[in-house]
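Notes follow once the structure below has been shown.
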């Protein structure tokens, strides 16, 4: 992609109303555009990041046997009445359609997935099964804030598992819990499995929290075994001895990037969902729920991975692996040589399957191009200039490093291919 072809450009000035780091950097970098509080358009660069996050989540959920579906976002009132949640979910967007029929925009999908699976699963032989979707959700947040961390419309992966017994649910729950840790690691996030309230479903649910001074949650974490608990149910305080080992409890801020719940038989019971057991009797169905906010993850990565100059994208989710910057010259012959060398490099890398953003703008200073490269945060910056070409080389600088080096023109493509893997 040539930068000159992008209609969404960087902005030298940070948005005045940005209330978080991710909102400031994503808007200023041209990744998203705010339509209203908690409502964002994902621009070309931002959509590339979001799609890479989704691809990783799909791979990880498929590995635990999840089957992808896509359920309606517009849900009739009837299933909400069946579960008695029409009036109990305070963030439910409600609307009236033709014929005065009432609907809600889904903030979650237990009311849809339970009768959906019930229509196909009749026997214990059909269990366990797990269905997930990646879909936009809607929540009527009273105070949408913190950029992509708390929106009124947001992208989410919600998975629901169905089991013939509580023991089977426990086993699968632990499997997904472990997979979540691996999933977040792939995105450069060290997510801590944290005990949280299970509400009416169970004693505990679990959140996945990423420690950062920019976090909006407060958790207590053991400095030795990493046992953690959310402040809202904590029976420990800062400096206590860990109840699981002899480590020390540390109070810290964090961002929640995912959560998992054991739903017990609550929703299956509401819909009369049972299965035929080996002896011909009807048995209860146990459910689990596993959520990850896709757009929230994008904002969380920015909150955790940035510096004073801009975003530092992990390679796995960066919109492009490489940011090529060509520095022109007032000397026409030199300028043409630089542009041709940059064109050749761009073409070679693209043919090699490397994702490249080339800042091909003419009449823009080196300082402005470097500032934009730092703001956009691609993992690797390659500079083609009169100075580098004088040594038959390209300047190589990784975004997370303060050091740069020269790599010869003959080696540059193979070096980049290795880096981008």
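The values are calculated or read from the model by the stated rules, or taken from the named source; none is laboratory data. Computed from a predicted model, the values in this text were never measured in an experiment. Ideal geometry is used to build each Cβ from the backbone, glycine not excepted, and the neighbour counts take in all protein chains shown.
Quick notes on this structure:
- Scan of region 263-274 for residues that are surrounded by fewer than 21 Cβ atoms within 10 Å (Cβ to Cβ) and either in contact with a strand residue (DSSP E or B) (Cβ under 6 Å, 6 or more places away or on another chain) or outside the structural domain of residue 149 (by TED's automatic domain parsing) (or both), ordered by number: 265, 274
- Any hit, region 368-386, residues being in a loop (DSSP other than H, G, I, E, B), over 20 Å from residue 29 (Cα atoms) and without any contact (Cβ under 8 Å) to a residue 40 or more places away in the chain: no
- Taking each residue of region 391-407 that is more than 20 Å from residue 341 (Cα to Cα) and looking for partners that are at pLDDT 95 or above and outside any strand (DSSP E or B) with beta-carbon atoms closer than 6 Å, six or more apart or interchain, yields 399/312; 399/377; 399/379; 400/312.
- Within region 152-189, tally of residues that are out of contact with any strand residue (DSSP E or B) (no Cβ under 7 Å at 6 or more places or on another chain), in a loop (DSSP other than H, G, I, E, B) and crowded, with 21+ Cβ neighbours inside 10 Å: 1
Quick grid of which residues meet (1) within 21 Å of residue 313 (Cβ to Cβ); (2) assigned by TED's automatic domain parsing to the domain that holds residue 22; (3) modelled with pLDDT of 95 or more:
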site: 348; (1), (2), (3): no, no, yes
site: 354; (1), (2), (3): yes, no, yes
site: 358; (1), (2), (3): yes, no, yes
site: 363; (1), (2), (3): no, no, no
site: 375; (1), (2), (3): yes, no, yes
site: 383; (1), (2), (3): yes, no, yes
site: 415; (1), (2), (3): yes, no, yes
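- Strands (runs of 3 or more DSSP E) within region 1-114 that include 3 or more residues surrounded by fewer than 16 Cβ atoms within 10 Å (Cβ to Cβ) and touching a strand residue (DSSP E or B) at 6+ places or on another chain (Cβ under 8 Å): 93-96
- Criterion (under 23 Å from the mean Cα position of the chain (by Cα) and under 23 Å from residue 246 (Cβ atoms)) met by exactly one of 212, 194, 181: 194
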